[in-house]
Structures are given as C-alpha cells and as structure tokens.
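Q: Just dropping this structure here.
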Ligand SMILES: [Zn+2]
C-alpha cells in the first residue's frame, strides 16, 4: 500500500499540522480587525495586519458542500472508495476542507452538523476529519 | 484599447492525438501555421506569450526550440484562462510599443501522456493530503452547492454535455461522431458525486496559436482582422476552501470589465466560447457572464438554449466536452471565436456573426479572463 500524499511543509504551514498532531483544529484570528481565516498566513486577508493568533477551533460546524469519490484521488486511497470530501463551515466563521467519516455516501448532505476528529495517516501526518454530531450514521 | 489591436493569424494542430510531436513541437507547428495564416514569418514575431503545465519556463523552451529571440515575453500562468489573459497583455504591450507582432501559443500531449508519471510541481498542503481528485472534486463541491441553492439537477447538467456533442457533430475535427443522450451521461461512471465521467471534458493532445498586431498593420495583412474590443481579468482562489462563494465567480468582474470596454452587453454577443472543463463550470459561467440570471442556468440549458438552433451559439466547435481539451482549453476558445468572425466555421457557421466572446477560467473557477472580439462592422 502506497503512503498518503504528504505535503512538504514550510514555515507557517508546519504550525497547522503540528497542532493537528496535538488534536487541535486551528484557525487564525486577526487581533487588529477581528477577521478570521482558516489556515495560518503571515498577513490578515482583510486588513493585511500581522498581529494574528492561531487558535483552536471548537471543531463544530455544518457541511457547506460535499462530494463522494468513487475513484481514488491517490493510489494510497484505492481501498477506501467510496469516500467523501467536505467543505465545513465552522461556528467560528471559517470554511475548512476535510474528509467526512462515519457517514455512508447516501447520508451525506449539505447542512449536516459535524464535529472534528483526527486521523494519524502517517508517522508524521495527522489530518483533521469530520464526523456527524451525535455519532456514526449506519449504512442502511 | 478598444479596436486598437487585432488577431491576424490562427491555427490548431492535432486536436485529439499528437502525430509524433512533443508539447513544444505542437507549439512550434501551431505557431508556424498561425504566422503563415497572418502572412508573416516567425522571425517577424517579437512578442511571445505562452503558458504550460509541462514546461517550467515555456517561453524559454519555445524560444530555443524555434530560434526565436523575442524582445517581450509573458508566461503568465492562470490555468486555462492564461491565453485569454495573454491576449489582453499582448494588446497592452503592442499599444505601448513593447512589441509589434505578438504570438500566443500552447501545446500539450496530455492524452498521449496518460498513465505516465506526471510531475507534481506544487503541493496544496491543506487539501491534497486527503486524496481528492483535482480539479474534479472541487468542481463537484460547487455542483452540489449549486443544486442545493437553486435546485439544479444532474439531468440539467447532462444537457450541457448533450448540447456540446450536438455542436461537435458539425465539426469535422471532433473525435466522437455519434450523438450523446442525457441517459448516457447519467449512466456513465460516477467519478466524484454528482459529477459523472461524461460531465467532465475530454482528455486530448493539441496545439494552437494566435498572432496579434496593431490595427494599422493588421489592415495590410491577408486575413480580415478580428479586433480586440474588450478585455477583463479577475482572480481569487487556488484552494477550493478559498473560494468565497461556491456558486458565483469572479467572471462577473472580468466580464463586466470586458463588456464596458467593448461598449456591449451579453445580448449583443453573436457567439460565445466559454470554458467548459465540466458541465457545472460552464453552467456557473453562463450565469456569471450574464447570458442567464443567477440560479437559472439549469432550466436555460435544459431548454436547448445552448444547442444548435438555440438562443446562444455557444462553443460551436464542441468545446472541451466534445472537441478538444489538451490540459488547458483557453487558446481553442479564441481560435473558434476568430474562425466564426472570419466566416470560416463551415457547417457550424453562425450567420453574420460580428461579435464573439471568449471566456477562459483557470483551475477551479479561481481565475478568469474575458475577451470580446469583433469584425470591422463591430468597430
Ligand atoms: Zn485584520
């Protein structure tokens, strides 16, 4: 089995995945204008300010959109199809990309309440994933 | 800028399968043919505009391969919209005297390369580790959102592919010579829901080129000049999570800029060539370009509006869905627009077409460039 595609992490990108390793889904808040943005940047996308804090999100949100893959997007995922990618609107006001787990394809829907979980996909890489709030949905 | 620069030469080469040519070989052959179409020689070209997904510095690769020594070059890469952007950039460069004869060129062997190791130049650290299919999965996220907000259906999306095939049947260069039905699109394998295989563009090889110069020079050349009447660009995201609104794109802005410069409205456009990498991306763009109101794209395409005989003569060569999509389609949108305005489109000719729009989009609807072209009568 081939390994998951592993990003080359540089600078602030590292901080995001280091915190994921610690079971935290982080986002940034600008101390100057209060704007929020998902992944860490060195500037605020609203005011170009640099006084940014990296904060753990609650991990709660709803599905903004989803797609179920019936062909693997990478050889490492061939045994996993079908699997579902989601955009989730977190209650903190940022939109994040991730995978939906514990939900059969037919039950995936826009508006579904979800919470974050974490998957250690390699020795160095932990990915945030999303599960339905209130527990796994059965494939029936 | 309106009417100050014109397209004077075009070409397409091997739009399905390369006949033994490398990507730069396709660029070179297309360029040779386009320059000849313009009544020029390659040595007349002093401005070079190109983009590539295989060459890191395509203007250098091309210059060395052809012996060209341009005094101005621009290898702006904004995905499939690069070539519409190049037209605007070339017009600006010509106007300011930085070059006299501009060549826009592209070549790809994406079909012949299938199954071979493709270099991964750039990683998207926050999305790629999940193993999504780029760009199909982001487009599928857009499709589900459009369905949720506006009630768009898979049947309506399939109509986009069906209309494209109807046009392709009038194009002798198009690869598939049989009609397509909605049922066939829906029965094709689901790749990334709700998008089926036949909601996606073809994977082809192909090369194309286009030559531009100032209007006064253009009038001395053999082919009827096709004038650049309007141009606009806009861009906003690389990751799908960074797309501010999944159902409205910056094509709204690029088109507005182009229409304003041209002094035209969507109703004035005789034929349009709009990037159709996927059925859904075309549907969203038809709304954003003003051909139909936001959210009404589904019923619009289902009514036959974009098929031959419909209200909008769209992608008359069959587009990326049914003619040619060699990695990036942008240049082929322009060559078809020029062909229509010259009256050279054969069985698919739009009667008395004097204005044409070409809209390129890049990646997952993240980059946009709109070009409006016209004949002498539209000036
Ligand atoms: Zn700020």
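We did not get these values from a lab; they are worked out from the coordinates using the rules stated. Note that the structure is a prediction, hence the values are computed from the model and not measured. Note that we place each Cβ from the backbone using ideal geometry, even for glycine, and neighbour counts take in every protein chain shown.
Q: Starting from the 7 Å offset along Cα-to-Cβ, what nm value, one decimal, do you get for the label separation of residue A:118 and residue B:17?
A: In this crude spin-label approximation the distance works out to 5.2 nm.
Q: To the nearest 0.05, how large is the calculated FRET efficiency for residue A:60 and residue B:294 if R₀ is 30 Å and r is the Cβ-Cβ distance?
A: Once rounded, the FRET efficiency stands at 0.50.
Q: Per residue of B:136-147, what is the mean number of Cβ atoms on other protein chains within 10 angstrom of that residue's Cβ?
A: Taking all residues of B:136-147 together, the mean is 5.
Q: Can I ask one more? Only Cα pairs under 8 Å and at least 6 apart count here; give the relative contact order of chain B as a rounded whole percent.
A: Rounded, it is 27 percent for chain B.
Q: Which log10 I(q)/I(0) values does the stretch A:11-132 give at q = 0.17 Å⁻¹ under the Debye formula, counting every alpha carbon as one identical point scatterer?
A: -0.89
Q: For chain B, find the longest principal axis of its Cα atoms and tell me its angle to the long axis of helix B:23-37, 0 to 90°, nearest 10.
A: Around 60 degrees separate the two axes.
Q: So for the pair residue A:137, residue A:71, with labels modelled 7 Å out along Cα→Cβ, what separation do we get in nm?
A: Between residue A:137 and residue A:71, the label points sit 2.6 nm apart.
Q: Please compute the modelled spin-label separation between residue A:53 and residue B:114, points set 7 Å along Cα→Cβ, answer in nm with one decimal.
A: 5.4 nm
Q: Right, next: Angle, helix A:12-21 long axis vs. longest principal axis of chain A, Cα atoms, 0 to 90°, nearest 10?
A: Taking the Cα atoms of chain A, the angle to A:12-21 is about 50 degrees.
Q: Then there is this: Mind checking A:69-77 for the average number of partner chain beta-carbons within 10 Å of each residue's beta-carbon?
A: 6
Q: Here's something else I'd like to know. Can you give the average number of partner chain beta-carbon atoms within 10 Å of each beta-carbon in peptide B:189-195, as a whole number?
A: The mean count of partner-chain Cβ atoms within 10 Å per residue comes to 5.
Q: Tell me, Kirkwood radius of chain B from alpha-carbon pair distances, in Å?
A: 20.3 Å
Q: Kindly express, to the nearest 10 degrees and within the range 0 to 90, the angle between helix B:154-168's C-alpha long axis and the longest C-alpha principal axis of chain B.
A: The angle comes out at about 30 degrees.
Q: Kindly list the residues of the stretch B:273-288 that lie in the label zone of residue B:311, defined by a backbone N under 13 Å from the point 7 Å along the Cα-to-C-beta vector.
A: Under 13 Å, as judged by backbone N against the label point of residue B:311, lie B:287 of the stretch B:273-288.
Q: Oh, and also: Which parts of the stretch A:100-140 would a label at residue B:123 reach, counting a residue when its backbone N lies under 15 Å from a point 7 Å out along Cα-to-Cβ?
A: A:121-127
Q: Separate question: Using a 10 Å cut-off around each Cβ, can you sort B:18, B:59, B:192 from fewest to most neighbouring Cβ atoms?
A: Ordered by Cβ neighbours within 10 Å, fewest first: B:59, B:18, B:192.
Q: Taking neighbour counts of Cβ atoms within 10 Å as a proxy for exposure, in what order, fewest first, do B:132, B:261 appear?
A: Exposure proxy ranking, most exposed first: B:261, B:132.
Q: Place the peptides B:71-77, B:6-12 in order of packing, highest mean first, counting for every residue the other Cβ atoms within 10 Å and averaging per peptide.
A: Listed from highest to lowest mean packing, they are B:6-12, B:71-77.
Q: Say we join alpha carbon atoms closer than 10 Å with springs in a Gaussian network model of chain A; which of A:91, A:129, A:114 then has the biggest fluctuation?
A: A:91
Q: A further question follows. What is the fewest-to-most order of A:97, A:17, B:83 by other Cβ atoms lying within 10 Å of their Cβ?
A: Fewest-to-most ranking of A:97, A:17, B:83: A:17, A:97, B:83.
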